[in-house]
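Okay, structure first, notes after.
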Amino acid sequence: IIARFCRTLGTLLRGGVPILRALDVVRNVAGNTMVVRAVEGAAVSVREGAGLAGPLARSGVFPPLVIEMVTVGEETGALDAMLERVAAFYEGEVEAVVARLASLIEPVLIVGLGGIVGFIVISVLLPYFQMLGSIK
């Protein structure tokens with residue numbers, strides 16, 4: 001969610017969209033009610049002439065890294081670049097977590113499939129062995 005927020009806002013700002021319109025678009029794209037509320041609060045603050053980092057920090061939704069990068073971006077005039085860097089960082093984090101999760105699930109799936117195949121083999125062979133045992 002944080003990566004999507006940062007990527008969308010950074011791309012819109014880089015494209016020349018005014019910040020209030022960009023915040024409105026990001027609010028519609030967020031997909032999370034907590035982020036929507038935080039963006040609405042930030043839009044009100046920006047409309048009143050304040051910065052973006054303060055309301056985002058007060059919302060408690062965004063990690064300190066995002067707040068710091070937004071603060072630096074506002075001070076240097078490179079908010080779009082800072083947001084895109086944060087988005088790239090969090091997208092990398094998501095990819096790493098998904099890769100670790102996949103590597104943890106893989107052995108469980110192998111054992112589960114082995115159990116299913118073993119059950120099918122036993123189900124097929126058990127009547128055969130019982131028949132051979134009754135012939136004696």
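The values are calculated or read from the model by the stated rules, or taken from the named source; none is laboratory data. Quick caveat, the model's predicted, so the values are computed rather than measured. In this analysis, Cβ positions are derived from the backbone assuming ideal geometry, glycine residues included, and neighbour counts consider all displayed protein chains. Quick note on the areas: whole protein, heavy atoms, side chains included, nothing else; ligands and nucleic acids left out. Shrake-Rupley method; radii C 1.70, N 1.55, O 1.52, S 1.80 Å.
Tell me the net charge near G73. Cut-off is 12 Å between Cβ atoms, G73 excluded, with +1 for each Lys or Arg and -1 for each Asp or Glu. Please list the in-between numbers first.
Working: positive: R14, R85; negative: E68, E74, E75, D80, E84.
In short, -3.
Roll a 1.4 Å probe over the protein heavy atoms and report the accessible area of R47 in Å², nearest 10. Rounded to the nearest 10, that gives 150 Å².
Using only the alpha-carbon atoms, how far is helix 79-135 inclined from the longest principal axis of the chain? Give it as 0 to 90 degrees, nearest 10. Orientation of helix 79-135: about 10 degrees from the principal axis. With axes computed from alpha carbons, what is the tilt in degrees of helix 2-14 against the longest principal axis of the chain, rounded to the nearest 10 within 0 to 90? Once rounded, one gets 40 degrees.
If one takes the longest principal axis of the Cα atoms in the chain, at what angle in degrees, from 0 to 90 and to the nearest 10, does the Cα axis of helix 19-29 lie? Computed tilt is about 20 degrees.
Farthest toward the positive end of the dipole of the chain, out of V39, V97, V72, is the Cα of V97, where the dipole comes from beta carbon charges about the Cα centre. About its Cα centre, the dipole of region 1-76 is roughly 260 debye, where the only charges are +1 on Lys and Arg Cβ and -1 on Asp and Glu Cβ.
Normalised by residue count, the chain yields a Cα convex hull volume of 136 Å³ per residue.
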